[in-house]
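The next block holds one structure in the form of structure tokens; read it before the comments.
The values are calculated or read from the model by the stated rules, or taken from the named source; none is laboratory data. Just so it is clear, the model here is predicted, and its values are computed rather than measured. Backbone-built Cβ (ideal geometry, glycine too); neighbour counts: all protein chains shown.
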Amino acid sequence: MAYHSNFFFYILTTLVIFLGLQGTQAVEYVVTNQALTTEGGVRFRNELGAEYVKQRMAAATQFIWTIFNQNTQADRKNVQVVNLIVENREGIAVTIGNGIHIGANYIQGIKGDIKTDFNGVLYHEMTHIWQWYDKNPNIVGGIADYVRLKANYIPGHWVKPGGGERWNQGYDVTARFLEYCESLRNGFVAELNKKMRTSFDVNYFEQLLGKTVDQLWKDLQGQVWPGLTKLNCLLLLLL
């Protein structure tokens with residue numbers, strides 16, 4: 001009787017594990033340092049390292065899935081392997097397909113805490129791996145920086161809420177605008193990303209929030225400059 005009970009428990013446990021795995025998406029993370037002949041490549045190896053970066057890539061993936069409310073594999077892009085390559089290239093980083101290319105010069109030039117700075121870039125680029133892409137780079141970059149903002153990896157030079165010239169200026173400006181939209185409707189960014197699975201349309205803002213994107217931008221500006229326009233404030237300062 002004990003044998004049969006143990007065998008039944010083993011079968012039941014195996015079934016539970018199997019069913020649980022069906023709801024997850026196994027992703028492999030590969031880190032390659034092709035810049036070991038450079039100071040940045042050596043610094044990457046010594047102060048970050050492949051194992052640490054792979055752990056952060058996995059953590060970023062889980063964080064992004066949560067931001068996007070992508071709770072099942074059907075909700076997500078079908079990505080099985082994510083590559084991160086450190087190479088001797090100009091610029092900070094670029095994502096091409098399922099590969100993140102990090103500039104060794106960027107690594108070399110990081111001031112302050114290297115992990116905080118690097119993780120901010122990593123969360124931005126990992127968002128490009130998982131978000132539903134469109135041909136609008138400012139919106140795409142704004143969503144990626146929104147994720148970076150929510151992960152609390154933003155640099156000190158970012159604009160304050162409401163800063164910038166227009167809502168679709170991209171990067172930190174658009175990220176701050178999306179943060180405002182999220183404050184109006186919890187889950188807004190996730191729903192916007194979901195709509196972008198096929199295309200981007202500026203009318204998505206009105207569909208989700210009941211106001212045009214231009215009106216939403218004006219509302220945010222009104223919160224930052226209550227009762228006054230930026231131009232009026234500037235004129236007052238000059239008087």
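Selection of region 207-218 for residues being surrounded by 15 or more Cβ atoms within 10 Å (Cβ to Cβ) and either assigned to a loop (DSSP other than H, G, I, E, B) or out of contact with any Asp or Glu (no Cβ under 8 Å at 6 or more places or on another chain) (or both) yields Leu209, Lys211, Leu216, Trp217. Only one entry of Lys77, Lys115 meets the criterion of being within 30 Å of Ala35 (Cβ to Cβ), assigned to a loop (DSSP other than H, G, I, E, B) and not assigned by TED's automatic domain parsing to the domain that holds Ser199, and that entry is Lys77. Within region 20-35, does at least one residue satisfy the condition of being at pLDDT 95 or above and either under 30 Å from Ser183 (Cβ atoms) or part of a helix (DSSP H, G or I) (or both)? Within region 20-35, none of the residues are at pLDDT 95 or above and either under 30 Å from Ser183 (Cβ atoms) or part of a helix (DSSP H, G or I) (or both).
Quick one: is Asn152 at pLDDT 95 or above, exposed (fewer than 15 other Cβ atoms within 10 Å of the Cβ) and within 26 Å of Ile114 (Cβ to Cβ)? Taking the combined requirement at face value, the residue satisfies it.
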